Every structure is written in structure tokens, then in C-alpha cells.
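Worksheet: one structure, shown below.
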């Protein structure tokens, strides 16, 4: 898979934010990338290193990112510059000690077609619910909307759609008008409920 890094991304973080140097010194043999854009710093890690890096960022007193503000999914299908993978999961971390926000991103590539709800072995990450209990519902939302699954999640099931919903609607190859779910859905009136 060819990699294209936008001009504002760099291999081996050497950017201004002090957390880049901290992570690089803690994980000297890991493949790390970094980017800074409009005052926001993002560390890009490999999927197999994600949990360990996030645990370090939370537990090391020099980093102290004790609050996970959000976990979001991104689908880069059709993006003008081909990123490292089609899907990304972004972790928004906050350190209250320094009033500092730091993002950690991981890219994933599906191993097969993405038009259904088949479990794709390329779309699995380790859950961070053991680090931040508040990750439970955002991870469920990423699973529900994008089909990215999280190992060791305490309750990985859909959170917004019903359990047998036939797809993941925030994937860019999902039809805008749906696949007929609304037309086949039984309407319940006020009088019949």
C-alpha cells in the first residue's frame, strides 16, 4: 500500500508540541508520525501500538492526559490525498494540569468490501475502556456508524441503530438514501402504540 503523507505531516515526530518528543523517547523503535495544523497536534500511531501509547500518555506524569474527551471515526474514501488507510479513529485527549489538548490518530484499511456488516479483520482495535471508562459509548458509536470493532470492549453493540441494521451509515460508500430501511420499517402510529 503506497503511503502519501501530506506536507504538514512528518515521520518521527520532531514538531513543536513537547508531547511528540516525550512519546518518541518512550517508544524509540515504534513507527510514529506527527502533524500540527492550526494549533492542533496529532500523533499518528500504528494500530498494534495504540493501546500502549495511549496508556503511556495517560499514566506518565509528564504527559498526564487523564481525560478522554472524545473518540471519533473518519472515512477517507474519495479524499483528494490518499492517507495511510481508508478509516481513522481519533482520540481527543486533555491534560488538565497544562490545559492542553492532544490528538492520537490510528489508520485502518479494510481487507474486503465495505458495503455490508461483515466483520472485517482489518477493522479491529484494542478498546481503551480499561484506561478511560468514558470510552465505552464513543467506541460503540464508532462501531455502529463505521463498523470498526474494539477488542475487550465490555459491551460492543450498536448504540444508535437497531442490532440487525444492514450496514454502517457513516461509511462514504453507504447510499445516501439508505438501502430501503425506512421503506421497510413498520410505522407505529400514536393510536396503535
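Laboratory data are not the source of any read-out in this text; all were calculated from the coordinates shown. It should be emphasised that the depicted structure is a prediction, and the values quoted were computed from it without experimental measurement. Cβ sites come from the backbone with ideal geometry, for glycine too, and all protein chains shown count toward neighbours.
A compact table of results
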read-out: Verdict on residue 92 being surrounded by fewer than 20 Cβ atoms within 10 Å (Cβ to Cβ) and either in contact (Cβ under 8 Å) with a residue 60 or more places away in the chain or farther than 23 Å from residue 24 by Cβ (or both); value: no
read-out: Residue that is surrounded by the fewest Cβ atoms within 10 Å (Cβ to Cβ), among those in region 95-109 that are over 14 Å from the mean Cα position of the chain (by Cα) and outside any strand (DSSP E or B); value: 99
read-out: Count of region 47-64 residues which are in a loop (DSSP other than H, G, I, E, B), in contact (Cβ under 8 Å) with a residue 40 or more places away in the chain and buried (at least 17 other Cβ atoms within 10 Å of the Cβ); value: 1
read-out: Subset of region 24-46 (residues that are assigned to a loop (DSSP other than H, G, I, E, B), over 22 Å from residue 99 (Cα atoms) and free of Cβ contacts under 8 Å to residues at least 40 places away in the same chain); value: 27, 28, 29, 30, 31
read-out: Failed item, numbered, when residue 124 is tested on (1) buried (at least 19 other Cβ atoms within 10 Å of the Cβ); (2) touching a helix residue (DSSP H, G or I) at 6+ places or on another chain (Cβ under 9 Å); (3) closer than 18 Å to residue 75 by Cβ; value: (1)
read-out: Which numbered condition residue 85 misses (of (1) within 25 Å of residue 59 (Cα to Cα); (2) in contact (Cβ under 8 Å) with a residue 24 or more places away in the chain; (3) touching a strand residue (DSSP E or B) at 6+ places or on another chain (Cβ under 6 Å)); value: (1)
read-out: Residue selected from region 65-82 under the condition more than 21 Å from residue 134 (Cβ to Cβ) and in contact with a strand residue (DSSP E or B) (Cβ under 8 Å, 6 or more places away or on another chain), by the criterion surrounded by the fewest Cβ atoms within 10 Å (Cβ to Cβ); value: 76
